[in-house]
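Trainee: Please see the structure below; I have some questions.
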Amino acid sequence: MVDKTRVTHINEAEHKQLGPVVYWMSRDQRVNSNWALLYAIEKANEKNVPVYVVFSLFNPFLNAQPKHFQFLLNGLLSVERLCKEHGISFSILLGHPPSTISQFIADVDASLLVSDFDPLRIKRQWKNQLNNAIRIAHHEVDAHNIVPCRIVSPKLEYAAYTFRPKITKRLPIYLVGFPSIPLVTSKVYAKPADWQAVFEYVGLNNNPVHVDYFNSGEDFAIAALERFINSNLTGYNKQRNNPLANGQSGLSPYLHFGQLSAQHVAIEVTRANVPTEDKSSFLEELIVRRELSDNFCYYNPDYDSTSGFHRWAQDTHSTHRLDEREYTYPLSEFEQARTHDNLWNAAQLEMVKTGKMHGYLRMYWAKKILEWTLSPEQAMEFAIHLNDKYSLDGRDPNGYAGIAWSIGGVHDRAWATRPVFGKIRYMNRNGCKRKFDVEAYIATVYSL
Ligand SMILES: Cc1cc2nc3c(=O)[nH]c(=O)nc-3n(C[C@H](O)[C@H](O)[C@H](O)COP(=O)(O)OP(=O)(O)OC[C@H]3O[C@@H](n4cnc5c(N)ncnc54)[C@H](O)[C@@H]3O)c2cc1C
């Protein structure tokens, strides 16, 4: 049922003995359209053993804030409900995943661990630590990418133009519909989660955070997708760079937390009765650009620092390191949106207030951080800090790739040389003015 090439055996042990299957749900926090869950059920049913789904909540995590935990936990409430509807056991563990998951495996005497693929360093470290602590087989399923990251390319891709043909030729094999969730043949019921303890663990006990602009959970994610297809997909090609037009899908928080499957989105968009140019333009972002970001983070361990840039970009930064900066700001001035540029400040405020900055402005925002900091290293540090702290969709390969593109020319090419930027592509306010009504955008953000 689940294509074998989606699955990687990431330790030496074999799946031989009888015993439950544990699916450690981490990046893909959904029940529907989830290849990792389908694989866990398939393996469990083959031996007529139970399947346990577990999520290990860890705090602190990559600068995640109360609103991120609120969004995540609201989503897990619906995972719990949907698991129950399908007769699948779901538990939340609190603490460092290598310890909690290995303990859970011992407690239920599991025979197989299934996890979902994630290219970020912290997740790979956890998996290595976990593999040292367990003796059962550990199978990792790429449930996030349409074409599994390791299959689409075995190496770091230079740019979208090298990646695009590789992914496009594999789409007929991988871009297929999901089977429905099979009946679990050996049922088991976990103790219901102690939600009060869970919320307390991340400091949300008496203090629920209202996430204003995005309702969390699989059902809301599907509803957001339907709204986008019905109302905004037509015109996406022309409107996606206009922050006043509501021209983007707004799906990135759902995709980031894995509440929505990109494969499901791609199938629904492909079927939609809208102009081809809009579908193609959207699928380019959803498939090529998004999965290129996973390629970047998986094959480049320095995805979040200047040493991860191409040689030409590192050289141009060295040449322009001492160029005079007209403005420089400490992190706190950026964070409080107190630069001299009211467009930059509005973009920063949009992110702080809504949990998401418009995609076009994200490029402008990060490039200005390069222009107004003391070094590219500091620019990377500030941009990642702010993006991960304030964006609901932050702490994501797309964020690290987007920031590296803006500050370090990753997946881009060399441009005409300018002060501070060197050969890194430059952006300015006039470019924004050509795309949208800058003053109207600023007024809109301040009125939120
Ligand atoms: C400096 C900078 C920081 C960024 N930080 C993040 C981040 O933290 N998280 C994040 O998900 N994206 C990030 N992006 C990429 C992109 O801006 C967002 O994915 C997009 O704006 C999300 O809004 P949407 O879902 O409405 O996008 P739509 O235009 O509706 O696109 C649909 C989906 O396609 C994917 N996508 C769109 N544009 C890109 C892109 N340029 N690169 C990779 N995938 C893309 C996303 O998964 C997105 O949800 C960043 C880009 C830059 C330049």
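The values are calculated or read from the model by the stated rules, or taken from the named source; none is laboratory data. This is a predicted model, so every value here is computed, not measured. Positions of Cβ are generated from backbone atoms using ideal geometry, with glycine treated the same way; all protein chains shown enter the neighbour counts.
Trainee: Would you please name the residue that is nearest to His15 (Cα to Cα), looking only at residues in the stretch 97-116 that are touching a strand residue (DSSP E or B) at 6+ places or on another chain (Cβ under 8 Å) and in a loop (DSSP other than H, G, I, E, B)?
Mentor: Checked the stretch 97-116; the qualifying residue nearest to His15 (Cα to Cα) is Ser111.
Trainee: Just the residues that are near the ligand (Cβ under 9 Å from one of its atoms), over 22 Å from Asp315 (Cα atoms), part of a helix (DSSP H, G or I) and of a type outside the set (S, T, N, Q), please, taken from the stretch 385-404.
Mentor: Passing the criteria: Asp388, Pro397, Gly399.
Trainee: Which one is farthest from Leu72 (Cα to Cα), of the residues in the stretch 226-238 that are in contact with a helix residue (DSSP H, G or I) (Cβ under 8 Å, 6 or more places away or on another chain) and near the ligand (Cβ under 10 Å from one of its atoms)?
Mentor: Looking at residues that are in contact with a helix residue (DSSP H, G or I) (Cβ under 8 Å, 6 or more places away or on another chain) and near the ligand (Cβ under 10 Å from one of its atoms), I get Tyr236.
Trainee: Can you tell me which residue within the stretch 281-336, out of those that are assigned to a loop (DSSP other than H, G, I, E, B) and among the hydroxyl-bearing types (Ser, Thr, Tyr), is nearest to the ligand (Cβ to nearest atom)? So that I can check it myself, show each step before the final result.
Mentor: Let us first name the residues in the stretch 281-336 that are assigned to a loop (DSSP other than H, G, I, E, B), namely 300-305, 309-310, 320-330, 336.
Pick out the ones that are also among the hydroxyl-bearing types (Ser, Thr, Tyr) and you get 303, 305, 327-329.
Values: Tyr303: 12, Ser305: 15, Tyr327: 19, Thr328: 19, Tyr329: 17 Å.
Among residues in the stretch 281-336 that are assigned to a loop (DSSP other than H, G, I, E, B) and among the hydroxyl-bearing types (Ser, Thr, Tyr), the one nearest to the ligand (Cβ to nearest atom) is Tyr303.
Trainee: State which residue is farthest from Ile146 (Cα to Cα) when the search covers only the stretch 225-278 and only residues that are surrounded by fewer than 20 Cβ atoms within 10 Å (Cβ to Cβ) and among the charged types (D, E, K, R).
Mentor: Residue satisfying both the conditions and the ranking: Lys238.
Trainee: Could you give me the residue pairs with C-beta distances under 6 Å whose first residue belongs to the stretch 413-425 and is in contact (Cβ under 8 Å) with a residue 24 or more places away in the chain and at negative phi, whose second residue is aromatic (Phe, Trp, Tyr) and surrounded by fewer than 20 Cβ atoms within 10 Å (Cβ to Cβ) wherever it lies, and which are 6+ apart or on separate chains?
Mentor: Within 6 Å, the pairs are Ala414/Trp312; Lys423/Trp415; Arg425/Trp415.
Trainee: Kindly provide the set of residues from the stretch 328-340 that are out of contact with any Ser or Thr (no Cβ under 7 Å at 6 or more places or on another chain) and surrounded by 17 or more Cβ atoms within 10 Å (Cβ to Cβ), ordered by number. Before the answer, list the steps.
Mentor: Going residue by residue through the stretch 328-340, those that are out of contact with any Ser or Thr (no Cβ under 7 Å at 6 or more places or on another chain) are 330-332, 334-340.
The answer is Phe334, Ala337, Thr339.
Trainee: Going through the stretch 436-448 one residue at a time, which ones are loosely packed, with under 15 Cβ neighbours inside 10 Å and either at positive phi or not aromatic (Phe, Trp, Tyr) (or both)?
Mentor: Asp437, Glu439, Ala440, Ala443, Thr444, Ser447, Leu448 - these are the residues of the stretch 436-448 that are loosely packed, with under 15 Cβ neighbours inside 10 Å and either at positive phi or not aromatic (Phe, Trp, Tyr) (or both).
Conditions (1) in contact with a His (Cβ under 6 Å, 6 or more places away or on another chain); (2) among the β-branched types (Val, Ile, Thr); (3) assigned to a loop (DSSP other than H, G, I, E, B); (4) at pLDDT 95 or above, marked per residue:
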site: Thr8; (1), (2), (3), (4): no, yes, no, yes
site: Gln17; (1), (2), (3), (4): no, no, yes, no
site: Val22; (1), (2), (3), (4): no, yes, no, yes
site: Ala40; (1), (2), (3), (4): no, no, no, yes
